[in-house]
Structures are given as structure tokens and as C-alpha cells.
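Chemist: Structure in C-alpha cells, see below.
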Amino acid sequence: TAERAAAVIHALARRHPSRAVILSPGDPDGPTSVDAHIYAACQLSERSGAEICTEEILLKVGGELCQHLATAVAPLLIHDLPVVLWWPDDPPFGSRQFRDIAAECDRLLVDSGTFRDDGTRRLAGMAAAMSGGVSVVDIGWLRLTLWRELLAGMFDHPLLTNELGNVRSVRIDVARPGQTFRITKAACFAGWLASRLDWEIKQPIGPDGDGDSLVGSFRQGRREIRVEFRPTRATLDGSVRSAGSLVRVELEMARPRCAVRARVTRQADHLLATADWNGAQVTRRAGQLEPFDETPFVAEALDRTGYDRIFELALMRAVRLAGA
């Protein structure tokens, strides 16, 4: 994990010069130890010719220091410069260790797509951190950008503009290559739909008696919208095989003498969005996904300032939908 983080730092050095502190905790029950390595790299800017430098401090700690990481980091921070905490893999939201180090930072960067098990417990922890004032950037949410843009863009079509008020069901197919059915991305996507269309949670998702799917519902006024997360053993190459990746999103809308079906489907590294009006295709859009590499998403997180209000609203509904 430390090597992975260092590779991202090196790739971003020209765009985001920084002092990067990489923490590598060891055995918390072993002897107290600190092993520090300091690196510096400088290169000339292609535009101005000025020298751009990045510092990297690698701290390997063991024993009691593993429980007091903030104490090791605080003296190394540069006063008045923004501090971003990137916690790869599975952040221990709510733990003292997490709270102490997050308090030293201006922004938290995580990836909900790598949360443990189905991810709902960590999703709730992330929402609690945001409610406590932590500015969170979620790589899992950023990976959904193209999915959201393509789905929303289809409803610019004049035949479809007013149909979002007639949604009857939402189905999201989720990659489950093994036994883990991780639903964090699906929940955030459904939460985004609910927040944008003013849906409230009627029934949190739970097992479907007929299979492995999870089924719940939203409501808008007296209308109920069924939501289903369906696991699928994806056979495509690449990152779609990772647990929790979206494979397909489908909305069904109905009113007298009119049925509309809108879907976004993943095909390798491309997304295809189509919408049918009474069985006839009326719009078709496509887009290419970003590489699965974390680097562009870390760069975007470093560029951002303040809260993402849309993400915050989507996350709160996602947590309630997941029953977390």
C-alpha cells in the first residue's frame, strides 16, 4: 500500500508539488519503533522553467505509536498549507486513531469501492464523518461521474424530459466475482437519483426471497419506486470484475399509453446509454471510462475545495437505503 501511494505521489509531482507523509503502521503489539526515510525530487516546469520540488517522508512505526499516528504526523505538517488525508482501502471510521489524524487535516480522501464486506458499515461511518465537519472526497463517487452524466443527459430529449416523474423501478446490476456483494457504489448511485428527484426512503433494501438480489423502495407522494440491486458474475475484462463495480443501471417509467425504459450498460471500458419510448429507441449516447488507476482521482480530490453538496445528499440517502 505504501508503494502504491508513493507511485501516485510521484505521478502527480509536476501538477501537485507537496510534502507527502506516508504512514506505514506495523505490529501494534510489538516493540515501539520508528523507521524514517526522507526523499526529495525536483524537476523543471515545462511552462515557466521554474524548479518544482516534492518531499516524501516515509514513516514505518510499530508498537504503541500505531495508536498515535497523529502525534507522529503533526510536527511534519507545513503551517498554513492545506492538508489532505488519503486513507487507502478500509478506513476505520469512528476509531480514536482515525479521529485524531483526521482532526489534523482539511480534507479526507477515501474509496468506498474498497470498503470491507458489503461496505454499508463504512458507508455509515463516512456519512458520520461528514456530519462531524470532515470534508470528504470519495473516489468511488468520482468513478460514477460518467454513469450519472450519461443517464441524466438522456432526459434532455424532448420526449423524455417530463418522464422522470413517472419512474416505477430502478434496477442496478453489480459485479460480484466472488462471494462479496459490495453495494456501496450502487447505494450511492441510487441515493443520487433519490436526492435529485426528491424521493424518500420507504423501505431499506433487504434480501429478495426469490434470489440473491436486494430489494427496497423509495416513495414520492403516494407513488412507490421499487429499487433492486442484482449481483452478476461479470465476464468482461478489467476492473468491472472488482466487487461492487456497476455493470448496468436501468430505469422503467410508465403512464397511460406510454412506457419508457432508460439504461446505461458497461461494455469493457465504455458505457452505452440508450432510451426506448414504447419500444422504439429515441436516444443513444456513449462515453469512455477513466482508467482504473487512482492517480487522476487523487488529482481531482487535490483540486477540489469545500463540500460537495450533491455527494453529501446522495450519501445520506444511500446510508438510509442500505439500512446502515
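The values are calculated or read from the model by the stated rules, or taken from the named source; none is laboratory data. What you see is a predicted model, and the numbers here were worked out from it, not measured in a lab. So basically every Cβ, Gly included, is an ideal-geometry build from the backbone, and we count neighbours across all protein chains shown. Accessible surface areas use protein heavy atoms only, side chains included; no ligands, DNA or RNA. Shrake-Rupley method; radii C 1.70, N 1.55, O 1.52, S 1.80 Å.
Chemist: Please identify the pairs in which a residue from the range 3-18 that is over 11 Å from residue 56 (Cβ atoms) has its Cβ atom under 8 Å from the Cβ atom of a residue that is outside any helix (DSSP H, G or I) and open to solvent by 70 Å² or more (accessible area, probe 1.4 Å), counting only partners at least 6 apart or on another chain.
Modeler: Sorted first by the residue in the range 3-18, then by its partner, the pairs are 14/46.
Chemist: Please work out which residue is nearest to residue 30 (Cα to Cα), limiting yourself to the range 81-101 and to residues that are charged (D, E, K, R) and modelled with pLDDT of 85 or more. Let's see the steps before the verdict.
Modeler: Step one: filter the range 81-101 for residues charged (D, E, K, R), giving 89-90, 96, 99-100.
Now drop any that are not modelled with pLDDT of 85 or more, which leaves 90, 96, 99-100.
Details: 90: 22, 96: 19, 99: 23, 100: 22 Å.
Checking each candidate, the answer is 96.
Chemist: Sort out which residues of the range 286-324 are open to solvent by less than 30 Å² (accessible area, probe 1.4 Å), within 28 Å of residue 5 (Cα to Cα) and of a type in the set (Val, Ile, Thr), and write them in order of number.
Modeler: The answer is 295, 298.
Chemist: Check the range 265-276 and report whether any residue there is within 30 Å of residue 158 (Cβ to Cβ), in contact (Cβ under 8 Å) with a residue 24 or more places away in the chain and surrounded by fewer than 15 Cβ atoms within 10 Å (Cβ to Cβ).
Modeler: Checked against the condition, which is being within 30 Å of residue 158 (Cβ to Cβ), in contact (Cβ under 8 Å) with a residue 24 or more places away in the chain and surrounded by fewer than 15 Cβ atoms within 10 Å (Cβ to Cβ), the range 265-276 yields at least one hit.
Chemist: Starting from residues that are β-branched (Val, Ile, Thr) and modelled with pLDDT under 90, keep the ones in the range 9-33 and report whichever is surrounded by the most Cβ atoms within 10 Å (Cβ to Cβ). Step through it out loud before you land on a result.
Modeler: Within the range 9-33, the subset β-branched (Val, Ile, Thr) is 9, 21-22, 32.
The next check asks that each one be modelled with pLDDT under 90; those that pass are 9, 32.
Values: 9: 21, 32: 12.
Among those that are β-branched (Val, Ile, Thr) and modelled with pLDDT under 90, it is 9.
Chemist: I'd like to verify a number: residues in the range 174-219 that are over 16 Å from residue 114 (Cβ atoms), outside any loop (DSSP other than H, G, I, E, B) and not small (Gly, Ala, Ser), how many?
Modeler: Going through the range 174-219 one residue at a time, the tally reaches 16.
Chemist: Among 140, 191, 133, which is the only one that is of a type in the set (Gly, Ala, Ser) and touching a Cys at 6+ places or on another chain (Cβ under 8 Å)?
Modeler: Details: 191 fails: touching a Cys at 6+ places or on another chain (Cβ under 8 Å); 133 fails: touching a Cys at 6+ places or on another chain (Cβ under 8 Å).
140 is the lone residue from the list that is of a type in the set (Gly, Ala, Ser) and touching a Cys at 6+ places or on another chain (Cβ under 8 Å).
Chemist: For the range 93-104, how many residues are out of contact with any Gly (no Cβ under 8 Å at 6 or more places or on another chain) and open to solvent by 30 Å² or more (accessible area, probe 1.4 Å)?
Modeler: Kept after step one, since they are out of contact with any Gly (no Cβ under 8 Å at 6 or more places or on another chain), are these residues of the range 93-104: 95-104.
Of the ones still in play, those that are also open to solvent by 30 Å² or more (accessible area, probe 1.4 Å) are 95-97, 99-100, 103-104.
Final tally of qualifying residues: 7.
Chemist: Follow-up. How many of the residues making up the range 47-91 are surrounded by fewer than 13 Cβ atoms within 10 Å (Cβ to Cβ) and either assigned to a loop (DSSP other than H, G, I, E, B) or touching a Ser or Thr at 6+ places or on another chain (Cβ under 8 Å) (or both)?
Modeler: Residues flagged as surrounded by fewer than 13 Cβ atoms within 10 Å (Cβ to Cβ) and either assigned to a loop (DSSP other than H, G, I, E, B) or touching a Ser or Thr at 6+ places or on another chain (Cβ under 8 Å) (or both) within the range 47-91 amount to 11.
Chemist: From the list 140, 153, exactly one residue is surrounded by 18 or more Cβ atoms within 10 Å (Cβ to Cβ), in contact (Cβ under 8 Å) with a residue 24 or more places away in the chain and on the phi < 0 side of the Ramachandran plot. Which is it? So that I can check it myself, show each step before the final result.
Modeler: Values: 153 fails: surrounded by 18 or more Cβ atoms within 10 Å (Cβ to Cβ).
None of the other options fit; the residue is 140.
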